[in-house]
Structure formats: structure tokens, C-alpha cells
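What follows is a set of notes on a single structure, which appears directly below.
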Amino acid sequence: MRTQVAIIGAGPAGLLLGQLLHTSGIAAVIIEQRSPDYVLGRIRAGVLEQVTMDLLDQAGVGARAHAEGLPHDGIELLFQGQRHRIDLHALTGGRRVMVYGQTEVTRDLMAARAAASLPTVYDAHKVQVHDFDGAQPRVTYEKDGQTHEITCDFIAGCDGYHGVCRASVPADALKTYERVYPFGWLGVLADVKPVCDELIYANTERGFALCSMRSATRSRYYLQVPATDTVEQWSTGQFWAELRNRLDAEAGERLVTGPALEMSIAPLRSFVAEPMRFGRLFLAGDAAHIVPPTGAKGLNLAASDVGYLWNALADYYNDKSSAGIDTYSDRCLRRVWRAERFSWWFTSLMHRFPDTGAFGQKMQDAELDYLVHSRAASTALAENYVGLPLEL
Ligand code: RFL
Ligand code: PHB
């Protein structure tokens, strides 16, 4: 088989790229190692920036996100028993975020791809990428006991942190930067009314907690837990009790509990691989970088990488210009590092670290106090939270 762009991975990055390329008349095949149900079963991001919403619109898949998503104009920070509102809308000249689950984004993209009869290979095994440093890259995989080969002009590595694309780049061509945090997030999804209309980010003596949601009747909550904890150590009852302990009295009273639809632990990590292009292979999304989820930036960064890559490939095919391709890595990385900085800072501010010490704790308390009482500091938080612009 031959195509113009072979996309590895049918997560949000790969699916969004496929739809955007389709709008520009560029042919792509997506190769995914898992099944559609497995991909849809992963409960992850919940907060979309305007830049991401714009890209969904440009891909022709934004309608349901606009209709069913929850626009949020502010977030609440809880520390020392008090909640403080950060007015995102007022502090950023009218910008906001949309609360709409990654699962639904993925579902909308899958439906659009199927409706346009665009080729996706699910359950592909032993996916390998070849010859991307030459003129004609290839992708091979096994399916139903047979080996298949796709030749293409470019490969888009949208295969996440554990994927094959970054791992196929010669080690000496790659520089990686990493920080692993000494804690994870234990998440619960439940069909109960959210405790608050806005997201609550809580810094408490017992650790961080986050109250988020998927709809007016479905809540998503997280607790900071030691990196060594396993999900088997936690019952739903213990989760609800610990969450209530980390909330202020009013929210604690309002908290509605119920059975968990999903419960999982995500480790927290900051990671960047540079550069994001090797010959005819481009990395996009989690394949190239990971942020801790505190800043709600992972999916949004995946979308902005894809925005740059779509524009670069459209310039190449439609205007015969390789300028976008040549600057892809640098342009992505500038936005990536800014989001890495914000996610690291917000994670450091909101979590309890085992080795902080008394002085370090006083510094965290003072920074939180400054943050909510200084318009300049609140504005810096707000403009990063709603997302920095895409500089095309
Ligand atoms: P994905 O979603 O990991 O998809 C990669 C796809 O590639 C497939 N794959 C392969 N396919 C073929 N061959 C191979 N060898 C392959 N290896 C892997 C995989 O099966 C998969 O289908 O990466 P992508 O598309 O780059 O998307 C990134 C986002 O999923 C991720 O950044 C976000 O979920 C991060 N994140 C959040 N981001 C936000 O913007 N806002 C949030 O509120 C937010 N909350 C979160 C999050 C991530 C979390 N976890 C669990 C890590 C909350 C959590 C708890
Ligand atoms: C979520 O709803 O899953 C969510 C929201 C905000 C974050 C991280 C995750 O910062």
C-alpha cells in the first residue's frame, strides 16, 4: 500500500492530524496497535484550550464539543481551608477553557474518520518504522498473521510516550530531559453531581486534590498519592473519605459519593525529547513530551503540535514549500517548553513533596498567598491556564 502520510497511533494526536490532513486533500493511513474500544476506554484529559477547540472546528469535528462541553470562566484554588477564585475570563480579556473529555474528543474524531471512509488499521502488531532518513520511508506491521507494508512520503509519530517512533530514532540524534515526581494521581470517575461548578485545585496538609467533571452529572476527582501506591490498596470508600478530608467544610458537606466507573493511578512526569523531527519522521504529542497533568496541558500540546504539522504538510503539498517542515521542531518546542514550565510550576505549587521541610512549606504558603492577592501573579496563572497562542 502507498500513502502520503503514515500516522502511527490513533490517540487524539493521530486522529486529529488525520482529519486536518483530509481537509487539505492529503492522504493518510493511521496504524494503531490497540482496538477502538481500548482507545476509548482510557479516561484522561478533561480541559480543552481555545486553540484546541479551534483545531477541532477546523477539522470539522467541533460541533458536539460546543453543544455538550462546559465552558469554564474560572478555577478555584483551595489552601489553608479557604477557596480563592481565579477569574480566567476577566484576567485574560475574555478567554476561557472548555471542559469536555478526551474520550469524547476521540469518539468524535473516530466517527468523522469513519464517516469519510478514511483508512485506519486497528490491532496492528509489531509496528515498525523504516528508512525515514531517506526519501521513501516505510511502515511494516502484522495483522491477522500477515505482514503488511506501507510506503509513504512522511511518518507522523503520534504513538504516545511508550510508542515505537521515538524509540526508532538513533540514540545519539536525540536529547531527552526528564523529571519524575515522587507521587501519582489516583483518579475516580463517578456518575455523581460535581461538588462545584468550577474545578477546585486543592493544596492541603494531606496532599493535593482536584475536583473536575465531565458533565453536570459525571464527576472526575483526583488525589495525590505516593508513587509507590497501587490502585488495589484503595477502596472507593477510602477514596471518598480522603477526598472529603482534603476539601473545605462547605465542599465536604456537598460532596456526593457513589460507585466508581473507573479508578486508576497515573504517575507524574515531565519529559521532553529534542528535536521533534528526524528526516521524514515527525514526533507529535506524548511521543515527544509529557507534562504532569496539573496544568491540563498534555492533550492541548498534542493538538498544537498537530496544528503545526498540518500547516507544514499542507505548505509542502499545496505550495511546494518545505519551510514549515524545516521549522516544525523549533516552533513546537518553543510552545512545549513554555507548557512544561507552567505544568512544573503549578505542580510544585499545589503538591506536598516529601522533602520540602519547614522553610520550603513557608515558601509555598507565601507564594499561594501572593498568587491569589496579586493581579499580576493571577494573570500569569490565568494566561497560561487558558493556553498560549499558536504562532503559525
Ligand atoms: P496517546 O493518547 O497516548 O495515544 C497514542 C496512541 O498510540 C498508540 N500506540 C501505537 N500504535 C501503533 N504502534 C505502536 N507501536 C504504538 N504504541 C502506542 C496507543 O495505543 C495510543 O492509542 O497520545 P497522544 O495522541 O499524543 O495524546 C496525548 C494525550 O492523551 C495526553 O497528553 C493527555 O491525556 C494528558 N492529560 C491531560 N491533557 C490535557 O490537555 N488536559 C487534561 O486535563 C489532562 N488530564 C491527562 C490528564 C493525562 C492523564 N493520564 C492518565 C496520563 C489526566 C490524566 C490522569
Ligand atoms: C480532568 O478532568 O481529568 C482534569 C482536569 C484538570 C486537570 C487534569 C485533569 O488539570
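The values are calculated or read from the model by the stated rules, or taken from the named source; none is laboratory data. Note that the structure is predicted; figures quoted are calculated from it, not measured. Virtual Cβ from ideal backbone geometry, glycine too; neighbours counted across all protein chains shown. The accessibility values were calculated without ligands, DNA or RNA, using every heavy atom of the protein model including side chains. Shrake-Rupley method; radii C 1.70, N 1.55, O 1.52, S 1.80 Å.
I'm trying to understand the selection: among the residues of segment 17-49, which are within 8 Å of ligand 1 (Cβ to nearest atom) and crowded, with 17+ Cβ neighbours inside 10 Å? I'd like the intermediate steps shown before the answer.
Our first condition is that a residue be within 8 Å of ligand 1 (Cβ to nearest atom); within segment 17-49, this holds for 31-34, 38-39, 42-49.
ILE31, GLU32, GLN33, VAL39, ILE43, ARG44, ALA45, GLY46, VAL47, LEU48, GLU49 - these are the residues of segment 17-49 that are within 8 Å of ligand 1 (Cβ to nearest atom) and crowded, with 17+ Cβ neighbours inside 10 Å.
Within 22 Å of the chain's Cα centre (by Cα) and farther than 30 Å from PHE342 by Cα, is that true of TYR100?
On the way: within 22 Å of the chain's Cα centre (by Cα): yes; farther than 30 Å from PHE342 by Cα: no.
It is false that TYR100 is within 22 Å of the chain's Cα centre (by Cα) and farther than 30 Å from PHE342 by Cα.
In segment 350-376, how many residues are exposed (fewer than 14 other Cβ atoms within 10 Å of the Cβ) and either assigned to a loop (DSSP other than H, G, I, E, B) or not acidic (Asp, Glu) (or both)?
Number satisfying all stated conditions: 15.
Do the conditions hold for ASP57, that is, is it at positive phi and open to solvent by 60 Å² or more (accessible area, probe 1.4 Å)? Working first, answer last.
Details: at positive phi: no; open to solvent by 60 Å² or more (accessible area, probe 1.4 Å): yes.
Judged against the criteria, ASP57 is not a match.
From the list PRO267, PRO292, PRO259, PRO275, which residue is within 14 Å of ligand 1 (Cβ to nearest atom) and surrounded by fewer than 24 Cβ atoms within 10 Å (Cβ to Cβ)?
Values: PRO292 fails: surrounded by fewer than 24 Cβ atoms within 10 Å (Cβ to Cβ); PRO259 fails: within 14 Å of ligand 1 (Cβ to nearest atom); PRO275 fails: within 14 Å of ligand 1 (Cβ to nearest atom).
Residue meeting the stated conditions: PRO267.
How about segment 178-240: which strands (runs of 3 or more DSSP E) wholly inside it have at least 1 residues that are touching a Pro at 6+ places or on another chain (Cβ under 8 Å), open to solvent by less than 50 Å² (accessible area, probe 1.4 Å) and not β-branched (Val, Ile, Thr)? First the steps, then the outcome.
Working: elements: 199-204, 207-213, 219-226.
So the answer is 207-213, 219-226.
For segment 329-364, how many residues are closer than 16 Å to LEU78 by Cα and within 28 Å of the chain's Cα centre (by Cα)?
Number satisfying all stated conditions: 8.
Consider CYS165 against the criteria (1) away from ligand 2 (no atom under 16 Å from the Cβ); (2) open to solvent by 40 Å² or more (accessible area, probe 1.4 Å): it satisfies all of them except one. Which criterion is unmet?
(2)
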